[in-house]
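The values are calculated or read from the model by the stated rules, or taken from the named source; none is laboratory data. The model shown is predicted, which means the values in this text are computed figures rather than measured ones. Cβ sites come from the backbone with ideal geometry, for glycine too, and all protein chains shown count toward neighbours. Just the protein is used for accessible areas: all its heavy atoms, side chains included, with ligands, DNA and RNA removed. Shrake-Rupley method; radii C 1.70, N 1.55, O 1.52, S 1.80 Å.
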Amino acid sequence: MFYTTEKRDHGLPHDPFKAIVAPRPIGWITSASRNGEINLAPYSFFNAVSTRPSIVCFSSEGRKDSLAFVEETGEFVCNLATWDLRFAMNQTSAPYPRGVDEMRAAGLTPAPSRLVRPPRVAETPCAMECRLLQVLTLKDLEGRPLDNHVVFGQVVGIHIDDRYIRNGLLDTAAMKPIARCGYNDYAVVDAVFSIVRPDVAEPAAPAGARQARG
Ligand SMILES: Cc1cc2nc3c(=O)[nH]c(=O)nc-3n(C[C@H](O)[C@H](O)[C@H](O)COP(=O)(O)O)c2cc1C
């Protein structure tokens, strides 16, 4: 099939766009207002976009509380959403009124951050402390501003539960991070495989070379 996004003539009951751009990592964002109110919410329009320095971003469709709080105080924490925390993560996406601490509402434990004010989720194996770089309000093809705001933050500190470091490597599969797919679907990373990047001088490796699951 082919359809244009202008006409949305895909003939399906739901827009398949988010089922194509899948799985998307989830930034489970803690933020704090200038009055010290705490907010926690999941964002799957989330990714890392730079390594040196480490920069992450998440996109708020509308001016949600996380965006408002990050604009107020310039800091946030990205907590890793995992299989064990999937229901708590989902609970924090409920449309609570501004000022309700979703961390406590979902039965999670706040742990102090080292460099920023918003706490991290104690139960998560990894959390990244971030400082706001910029908020980019997107425009469409006609140059009209959209109510979509991408928050970029530089990662200034990273917490890792040492139990997931094995032979000097962070064992992603053991943490079982979850990711968002289309509709109400999620994926869980419980296995990884490795492929070594080619050297330009080497001929292409045969299919399947150096691949191992588990
Ligand atoms: C897994 C998941 C991913 C989500 N991703 C986004 C997203 O990328 N952008 C967005 O605006 N809302 C997203 N939402 C919805 C927000 O989490 C929800 O609107 C939440 O209430 C926002 O909280 P806040 O107003 O406290 O920031 C997502 C929800 C779930 C469950």
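If I filter segment 160-178 down to residues being open to solvent by less than 30 Å² (accessible area, probe 1.4 Å) and within 25 Å of Arg131 (Cβ to Cβ), which single residue comes out as farthest from the chain's Cα centre (by Cα)?
By that ranking, first place goes to Met175.
Confirm whether Pro25 is open to solvent by 20 Å² or more (accessible area, probe 1.4 Å), in contact with a Pro (Cβ under 8 Å, 6 or more places away or on another chain) and more than 7 Å from the ligand (Cβ to nearest atom).
yes
Output the residues belonging to segment 44-58 that are open to solvent by 20 Å² or more (accessible area, probe 1.4 Å), within 8 Å of the ligand (Cβ to nearest atom) and either out of contact with any Pro (no Cβ under 9 Å at 6 or more places or on another chain) or farther than 15 Å from Leu132 by Cα (or both).
Ser44, Phe45
When you scan segment 59-71, how many residues do you find that are surrounded by fewer than 21 Cβ atoms within 10 Å (Cβ to Cβ) and either aliphatic (A, V, I, L, M) or touching a residue at least 40 places away in the same chain (Cβ under 8 Å) (or both)?
6
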